[in-house]
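Enquirer: Sharing a structure below in structure tokens format, with a few things to ask.
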Amino acid sequence: MSLDEIKQRVEKAEKDAGRKAGSTHLIAVSKVQPNDRVEAVLQEGHRVYGENRVQEAASKWPDFREQFTGVQVHLIGPLQTNKARQAMELFEAIHSVDRPKLAKTIARLAQEIGQCPEVFLQVNTGEEEQKAGVMPAEADAFVAEARGLDLPVAGLMCIPPVDEEPSLHFALLAKIAERNGLTGLSMGMSGDFERAIALGATHIRVGSAIFGERAYG
Ligand SMILES: *Cc1c(COP(=O)(O)O)cnc(C)c1O
């Protein structure tokens, strides 16, 4: 599918949900994609991208940023604390702040560096053992802690379990955000972004539907 088609589907989903056109940020997830595919989407004018690995982003984006103005890259994958500084220098936003230790590290570095990317706090809405994020029951405390650290908290993020109806998870995330006075909701991927928009997503992370299937190794 092309970028244009995805943008049309986003627009239609916003309209169907009674939302303002353009109220959803489309993050084109370029992880693992060959550079020529990414460049083609840059040439079409798209400027907001998502990567899930610090190393890969570091090898790819400095060059693209020289060729194209106004590029924004968001980190959407797990972040080790020892890579936090590098991540803060590479990304405009970090969607995967998934534990207090990482929040504290980012806050400390922000003081040092004098700036901080926007952060989304990741909630493990499916309470899956292998998945990152705080449990829903701990989310309010985590939001309070992150705010207490002066982090620029833009909102919450989730990745629903693969085998469950994602809408239940989107609704849960929206509810937690609302009671905490947060407006940002990073949720929805290629297979479910329309359902996410219906439930209030402000940032959808769409990879394969834009770029095609990822060819791993
Ligand atoms: C890879 C990835 C996506 C994009 O997935 P698609 O199904 O290709 O749209 C979205 N969010 C996260 C956290 C990812 O790792």
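The values are calculated or read from the model by the stated rules, or taken from the named source; none is laboratory data. None of these values were measured; they are calculated from a predicted model. Using ideal geometry, Cβ is built from the backbone for each residue, glycine included, and neighbour counts are taken over all protein chains shown. Protein only, heavy atoms only, side chains kept; ligands, DNA and RNA dropped before computing areas. Shrake-Rupley method; radii C 1.70, N 1.55, O 1.52, S 1.80 Å.
Enquirer: Run through the stretch 11-54 and list the trypsin sites (Lys or Arg not before Pro) located in a DSSP loop whose Cβ has at most 15 other Cβ atoms within 10 Å.
Expert: Answer in residue order: 20, 47.
Enquirer: What ranking of 25, 74 comes out by heavy-atom accessible area, probe 1.4 Å, highest first?
Expert: Listed by decreasing accessible area, they come as 25, 74.
Enquirer: Now, a different point. Explain nothing, just the number: relative contact order of the chain, from Cα pairs under 8 Å at least 6 residues apart, as a whole percent.
Expert: 22
Enquirer: Which value at 222 nm does the chain reach when only helices count, each DSSP H run of 4 or more adding -39,500 (n - 2.57), with the total divided by all residues and rounded to the nearest 500 deg cm²/dmol?
Expert: For the chain, the value works out to -12500 deg cm²/dmol.
Enquirer: Within the accessible area of the stretch 3-211, what % is carbon and sulfur when the probe is 1.4 Å and the other protein chains stay in place?
Expert: Of the solvent-accessible surface of the stretch 3-211, carbon and sulfur hold 48 percent.
Enquirer: Okay, moving on. If the only charges are +1 at each Lys and Arg Cβ and -1 at each Asp and Glu Cβ, what is the size of the charge dipole of the stretch 104-217 around the Cα centre, to the nearest 20 debye?
Expert: Rounded to the nearest 20 debye, it is 340 debye.
Enquirer: OK, next. Projecting each Cα onto the charge dipole of the chain (Lys/Arg +1, Asp/Glu -1 at the beta carbon, about the Cα centre), which of 10, 207, 22 comes out farthest on the positive side?
Expert: It is 22.
Enquirer: Then there is this: Which number gives the lysine pairs in the chain that have C-alpha atoms under 26 Å apart and are eight or more places apart or on different chains?
Expert: 21
Enquirer: Helix check for the chain. Which DSSP H runs span at least 15 Å along their own axis by Cα, with a mean Kyte-Doolittle hydropathy no less than -1.0?
Expert: Membrane-span-like by this rule: 100-113, 166-179.
Enquirer: Per residue, what accessible area does the chain have, given a 1.4 Å probe and all protein chains present, in Å²?
Expert: Heavy-atom accessible area per residue stands at 48 Å².
Enquirer: Of all the stretches in the chain, which is the longest one without any exposed loop site, taking GluC sites (Glu not before Pro) in a DSSP loop (any state but H, G, I, E, B) with at most 16 other Cβ atoms within 10 Å?
Expert: 165-212
Enquirer: Another one. Report the label-to-label distance for residue 58 and residue 89 in nanometres (one decimal), using points 7 Å from each Cα along the Cα→Cβ vector.
Expert: It works out to 0.8 nm between the two label points.
Enquirer: Then there's this: Between residue 108 and residue 48, what is 0.36 nm times their sequence separation minus the Cα-Cα distance? Round to one decimal in nm.
Expert: 18.9 nm
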